[in-house]
Structures are given as structure tokens and as C-alpha cells.
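The values are calculated or read from the model by the stated rules, or taken from the named source; none is laboratory data. The structure presented is a predicted model; accordingly, all values stated were derived computationally and were not measured. All Cβ positions, glycine included, derive from the backbone under ideal geometry; neighbour counts span all protein chains shown. Quick note on the areas: whole protein, heavy atoms, side chains included, nothing else; ligands and nucleic acids left out. Shrake-Rupley method; radii C 1.70, N 1.55, O 1.52, S 1.80 Å.
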Amino acid sequence: PRERYKRAETANILLNAMFSEAGDFYLRMLESGLLSPGFDVGYSSNEKTAYVMMTGESDNPEMLLCEIKKHISKSIEEGICKDDFEREKKCMYASYISDFDLTEDIAFSMNSYTWEGVDLFAYPDIIGEIKYEDVKELSLELFKEEYFTLSVVAPQREE
């Protein structure tokens, strides 16, 4: 469970660095009109499966997928910015600490970590173990062409 959790957090660092709302890709897609505000990206895993999911609204989802693939290829080729990598790790630490602000958040975190089989207080160590090279290596695994799929939810047409 600890290694799976580390992999998930490595993926989250990678995805946040690549698709941040403050990043060039997101801003370019908004300005071009290919994407509406509210684009979200995340990684989910359990003992048997794992996936990256990107959600958002677009009038041209096929073109957006093409742009996402180009951005991923460029990010893998050039590597994510090391400053972005460090910033994302700091954000994860900050989010972890803020989870102790409310009793409800503490209970949720304790439940989540216990469910995953990871000690709640191991999180800072897990994040500390993640190296830039881990993110680079994982990017090569996650974004293979055969893993991509596009699902479009369209409004029901009146007949």
C-alpha cells in the first residue's frame, strides 16, 4: 500500500505540474476557446487498477484531445520544470497540514489512509521520498497511446 500511495502522489505531482490552472497549457486552451473553465485532472488507483482522468467542457473534444496529447509528448520530451516539481511537493505538504484544521477533515483523512493501509503520519515521508526522476519515469508509463480513450457526454437531441 505504501508504494501504491507513493505512486499515486507521484502521479498527482506530475499531473498538477503539467495541467495546472496557472500553467501555459491551460491558459492557451482557455484563450483558444477549446476548453471552458473547470478542467480537472486526477489519478485514481486501487490494488488492481489505476487511471488518469481528465474532465472538462469543450465544443471540440477531439481537437482538445489532440492538444492534450501534444502537450503530454512535449512535457515528456522536455521534462516538467524542476521548479514546478518542487512547488507541487510543497503544495502537497501544505494541503496535508491544512487537513488538520477541522475535525471532519482529520476524520476523513484518518479513514482514507486507514482504508489504503497507510499510516496517516507517514505522508510527509512518502512525499519526501518522491524524486524528480520518479516523476519523469512515471510519465513514460502513464501516457502510452494505447491507454487513451475519449468519452463525450452530449446533450440529448430532440427528435
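Numbers for the structure displayed
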item: Tensor-based shape of segment 65-159 (alpha-carbon gyration tensor, a/c under 1.5 rounded, otherwise prolate or oblate); result: oblate
item: Overall form of segment 1-50 per C-alpha gyration tensor (a/c, 1.5; a/b vs b/c); result: prolate
item: Structure-based [θ]222 nm, the chain - -39500 (n - 2.57) summed over DSSP H runs of at least 4, per residue, nearest 500; result: -19000 deg cm²/dmol
item: Percent accessible area from carbon and sulfur atoms, the chain, protein chains only, probe 1.4 Å; result: 50 percent
item: Residue 73/residue 114 FRET efficiency (R0 30 Å; Cβ-Cβ; nearest 0.05); result: 0.20
item: The chain - Rg over Rh from alpha carbon coordinates, Kirkwood radius; result: 1.00
